[in-house]
Amino acid sequence: MNDYSETAALFARDTAKHEMTVLHDDGYYRHLKFMNPENGSFGAFHLITWPYNLVVKTGWTFHFDIDATEDMFDLFRRTARTGEINPGYWSEKVRAGRDEVEGFNPDLLKGEVASTIAQWMRDDLDSRTEAHGKKRGFTQQEINAKPSLRKWLARQIRPEWMAANRQLREAVHEHFFSDMAYYNIEFESEAHQALADFSYRPEGDDSEFPHYFADWHEWRLTDYTPGFLRSCHAIRHGIDLYNAARKQVAA
């Protein structure tokens with residue numbers, strides 16, 4: 001999960017010149033349109049409310065409802081800091097459009113793969129260091145008890161470890177990310193198949209098991225969709241513009 005700052009910056013840029021048009025405003029019954037007059041309906045969004053309900057239309061449509069709050073603008077004001085969104089809590093209130101709230105995110109897959117490779121290489125460094133130490137006549141207890149000894153041994157095997165590291169990363173890149181890769185990991189089903197099919201055994205490795213992604217089913221590979229995040233920003237921005245307009249009228 002990230003802070004979604006990139007989505008926020010894109011939305012701010014796209015809506016910098018948006019103006020609000022009040023199509024209906026009667027208590028909790030509102031229909032507000034936000035658009036850049038120079039662009040017509042391109043990039044426009046709508047907020048529609050009635051007691052306990054809010055619909056946002058941004059190209060995606062999400063219907064929120066909560067029995068405890070009659071004024072939905074008040075709900076969204078209270079559940080996020082000024083100018084910010086709260087997709088975690090707000091997603092729980094989506095009645096219609098739930099299948100568009102979250103989706104597969106290839107960047108999460110890339111992060112998990114990179115993290116796993118890093119762990120494999122740390123384990124490999126430890127294994128090579130300990131094996132080298134034993135060849136030099138040191139016991140496992142001595143290697144574990146003396147950090148300076150472990151570092152000295154690790155420096156000696158570092159060139160071969162770096163070469164193995166490079167080969168492993170090349171194998172992973174070729175399987176998942178190269179232009180010649182058999183799988184298109186932008187699609188969830190193909191990403192899952194690529195994870196299931198990956199297997200790599202380094203040259204000269206006679207261990208029982210090759211490298212493979214054993215626990216990828218436990219990885220979180222979905223995140224809030226760009227459409228849902230944009231709709232959250234639209235709600236927050238629309239409410240802020242609505243509040244500013246009301247204050248101006250009151251003054």
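The values are calculated or read from the model by the stated rules, or taken from the named source; none is laboratory data. All of these numbers come straight from a predicted model, not from anything done at the bench. For neighbour counting, all protein chains shown are included, and Cβ atoms are generated from backbone atoms with ideal geometry for every residue, glycine included. Surface areas here come from the heavy atoms of the whole protein model, side chains and all, with no ligands, DNA or RNA. Shrake-Rupley method; radii C 1.70, N 1.55, O 1.52, S 1.80 Å.
With a cut-off of at least 1 residues that are surrounded by fewer than 18 Cβ atoms within 10 Å (Cβ to Cβ) and of a type in the set (Asp, Glu), name the strands (runs of 3 or more DSSP E) lying wholly within segment 1-62.
Per the criteria, 19-26.
Working only within segment 121-140, note down all residues that are among the hydrophobic types (A, V, I, L, M, F, W, C) and outside any helix (DSSP H, G or I).
Phe138
Determine whether Ala234 is buried (at least 18 other Cβ atoms within 10 Å of the Cβ) and in contact with a Ser or Thr (Cβ under 7 Å, 6 or more places away or on another chain).
Yes.
Output the number of residues of segment 126-159 satisfying the condition of being acidic (Asp, Glu) and touching a helix residue (DSSP H, G or I) at 6+ places or on another chain (Cβ under 7 Å). If you could, list the steps in order and put the result at the bottom.
Within segment 126-159, the subset acidic (Asp, Glu) is 126, 130, 142.
Then drop every residue that is not touching a helix residue (DSSP H, G or I) at 6+ places or on another chain (Cβ under 7 Å), which leaves 130, 142.
Number satisfying all stated conditions: 2.
Could you tell me which residue of segment 80-91 is modelled with the lowest pLDDT, considering only residues that are buried (at least 16 other Cβ atoms within 10 Å of the Cβ) and assigned to a loop (DSSP other than H, G, I, E, B)?
In this case the residue turns out to be Ala80.
Got a sec? Which of Glu84, Glu112, Glu92, Glu100 is under 14 Å from Arg236 (Cβ atoms) and within 23 Å of the chain's Cα centre (by Cα)?
None of the other options fit; the residue is Glu84.
Taking Ser91 as the residue in question, decide whether it is polar (S, T, N, Q), farther than 26 Å from Leu168 by Cβ and touching a residue at least 12 places away in the same chain (Cβ under 8 Å). Reasoning before the result, please.
Values: polar (S, T, N, Q): yes; farther than 26 Å from Leu168 by Cβ: yes; touching a residue at least 12 places away in the same chain (Cβ under 8 Å): yes.
Against the criterion (polar (S, T, N, Q), farther than 26 Å from Leu168 by Cβ and touching a residue at least 12 places away in the same chain (Cβ under 8 Å)), Ser91 qualifies.
When you look at Thr69, is it in contact with a helix residue (DSSP H, G or I) (Cβ under 9 Å, 6 or more places away or on another chain), open to solvent by less than 30 Å² (accessible area, probe 1.4 Å) and in a strand (DSSP E or B), yes or no?
It is false that Thr69 is in contact with a helix residue (DSSP H, G or I) (Cβ under 9 Å, 6 or more places away or on another chain), open to solvent by less than 30 Å² (accessible area, probe 1.4 Å) and in a strand (DSSP E or B).
Which of the residues belonging to segment 211-225 are of a type outside the set (S, T, N, Q), surrounded by fewer than 16 Cβ atoms within 10 Å (Cβ to Cβ) and closer than 13 Å to Lys110 by Cα?
Arg220
So, in segment 92-120, of the ones that are in a helix (DSSP H, G or I) and small (Gly, Ala, Ser), which residue ends up surrounded by the most Cβ atoms within 10 Å (Cβ to Cβ)?
Let us first name the residues in segment 92-120 that are in a helix (DSSP H, G or I), namely 98-100, 106-120.
With the extra rule that they be small (Gly, Ala, Ser), the set shrinks to 111, 114-115, 118.
Values: Gly111: 15, Ala114: 12, Ser115: 11, Ala118: 11.
Ranking the candidates gives Gly111 first.
Conditions tested, residue by residue: (1) modelled with pLDDT of 95 or more; (2) of a type in the set (A, V, I, L, M); (3) not in a loop (DSSP other than H, G, I, E, B).
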| residue | (1), (2), (3) |
| --- | --- |
| Glu160 | no, no, yes |
| Ala163 | no, yes, yes |
| Leu168 | no, yes, yes |
| Glu208 | no, no, no |
| Gly227 | no, no, yes |
| Gln248 | no, no, yes |
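Determine the pairs where a residue that is closer than 9 Å to Thr58 by Cβ and in contact (Cβ under 8 Å) with a residue 12 or more places away in the chain, located within segment 219-236, has a partner that is surrounded by fewer than 22 Cβ atoms within 10 Å (Cβ to Cβ) and among the acidic types (Asp, Glu) with Cβ atoms under 6 Å apart, the partner being 6 or more residues away or on another chain.
Going by the 6 Å Cβ cut-off, the qualifying pairs are Gly227/Glu100.
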